[in-house]
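The values are calculated or read from the model by the stated rules, or taken from the named source; none is laboratory data. Keep in mind that what you see is a predicted model, and the values were worked out from it rather than measured. Using ideal geometry, Cβ is built from the backbone for each residue, glycine included, and neighbour counts are taken over all protein chains shown. Heads up: the accessible areas ignore ligands, DNA and RNA and are worked out on the full protein's heavy atoms, side chains in. Shrake-Rupley method; radii C 1.70, N 1.55, O 1.52, S 1.80 Å.
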Amino acid sequence: MSQFFQIHPDNPQIRLIKQAAQIIHGGGIVAVPTDSCYALVCHLDDKGAVERLRRLRGIDEKHHLTLLCRDLSELGVYARVDNRQFRLLKAATPGPFTFILEATKVVPRRLSHPSRKTIGLRVPEDAIINALLAELGQPLLGTTLIMPGETEALNDADTICERLGKQLELVIDGGACSMEPTTVIDLTGAEAALVRQGRGDASVFGI
């Protein structure tokens, strides 16, 4: 069975954040609340954990995984961002958006889209995730916790434990969060394009 941490949504306990980071460093997959809905996250550089995460979600290499970053400067390490894109990103971060951008050479090839060389990135506005990112000192790789064949994200830590307890190393209970996933915006073209409408208001991009 996975471990189960109850972490305060506004003032995360540092002791538990450090333990969660150790689990991730050790190859663990963690269910964690975000400013949209629950996500599954793992270490960016752990190939085995990434493959397990894809199997859990029932997704292949053409499905964009997301790098969760602390801020725009960290995002800029992993994505090519021009002045136009930066202005749009600055207006919408932190928040419940995922952005499709061209990946830099820092991103392992196995993590970017095989034909487009793009990656999903986001800067979440959530105390637990941001404390975890600060402790790790690098982005997390994640995906919305929607199970294969389903359309709605899991939103309750106890339910996640019941359904995935034997397949995850840790479930973090930070209280219920939104049922809506992030709004996905593709910024690789001349104009911003809406890929998925979620919690974020896409009107900031003129969509």
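Here is a list: GLY142, GLY76. Which entry is touching a strand residue (DSSP E or B) at 6+ places or on another chain (Cβ under 8 Å), surrounded by 15 or more Cβ atoms within 10 Å (Cβ to Cβ) and not aliphatic (A, V, I, L, M)? So the residue among GLY142, GLY76 that is touching a strand residue (DSSP E or B) at 6+ places or on another chain (Cβ under 8 Å), surrounded by 15 or more Cβ atoms within 10 Å (Cβ to Cβ) and not aliphatic (A, V, I, L, M) is GLY142.
Those residues that are within 16 Å of VAL107 (Cα to Cα) and either of a type in the set (D, E, K, R) or open to solvent by 10 Å² or more (accessible area, probe 1.4 Å) (or both), I need them from the range 52-69; list them, please.
Start the filter on the range 52-69 by keeping residues that are within 16 Å of VAL107 (Cα to Cα), which leaves 61-69.
Residues satisfying the conditions are GLU61, LYS62, HIS63, HIS64, THR66.
ALA20 satisfies every condition listed in (1) buried (at least 21 other Cβ atoms within 10 Å of the Cβ); (2) more than 11 Å from the chain's Cα centre (by Cα); (3) not in a helix (DSSP H, G or I) except (3). Kindly indicate whether any position in the range 71-91 is assigned to a strand (DSSP E or B) and of a type outside the set (Phe, Trp, Tyr). Yes, the conditions are met somewhere in the range 71-91. The single condition among (1) part of a helix (DSSP H, G or I); (2) surrounded by fewer than 16 Cβ atoms within 10 Å (Cβ to Cβ) that ILE207 does not satisfy is (1). Out of all the residues in the range 168-193, which are farther than 20 Å from GLU125 by Cβ, open to solvent by 30 Å² or more (accessible area, probe 1.4 Å) and of a type in the set (A, V, I, L, M)? Hits for the range 168-193 are ALA190, ALA193.
Taking the stated definitions as given, is LEU154 within 26 Å of HIS43 (Cβ to Cβ), modelled with pLDDT of 95 or more and part of a loop (DSSP other than H, G, I, E, B)?
Values: within 26 Å of HIS43 (Cβ to Cβ): yes; modelled with pLDDT of 95 or more: no; part of a loop (DSSP other than H, G, I, E, B): yes.
Judged against the criteria, LEU154 is not a match.
The single condition from (1) surrounded by fewer than 18 Cβ atoms within 10 Å (Cβ to Cβ); (2) charged (D, E, K, R); (3) in contact (Cβ under 8 Å) with a residue 60 or more places away in the chain; (4) under 21 Å from ARG57 (Cα atoms) that ARG122 fails is (1). Confirm whether LYS117 is of a type in the set (D, E, K, R) and within 28 Å of MET179 (Cα to Cα). Against the criterion (of a type in the set (D, E, K, R) and within 28 Å of MET179 (Cα to Cα)), LYS117 does not qualify. When the range 145-167 is limited to residues that are without any contact (Cβ under 8 Å) to a residue 40 or more places away in the chain and open to solvent by less than 90 Å² (accessible area, probe 1.4 Å), the one that is farthest from TYR38 (Cα to Cα) turns out to be GLU150.
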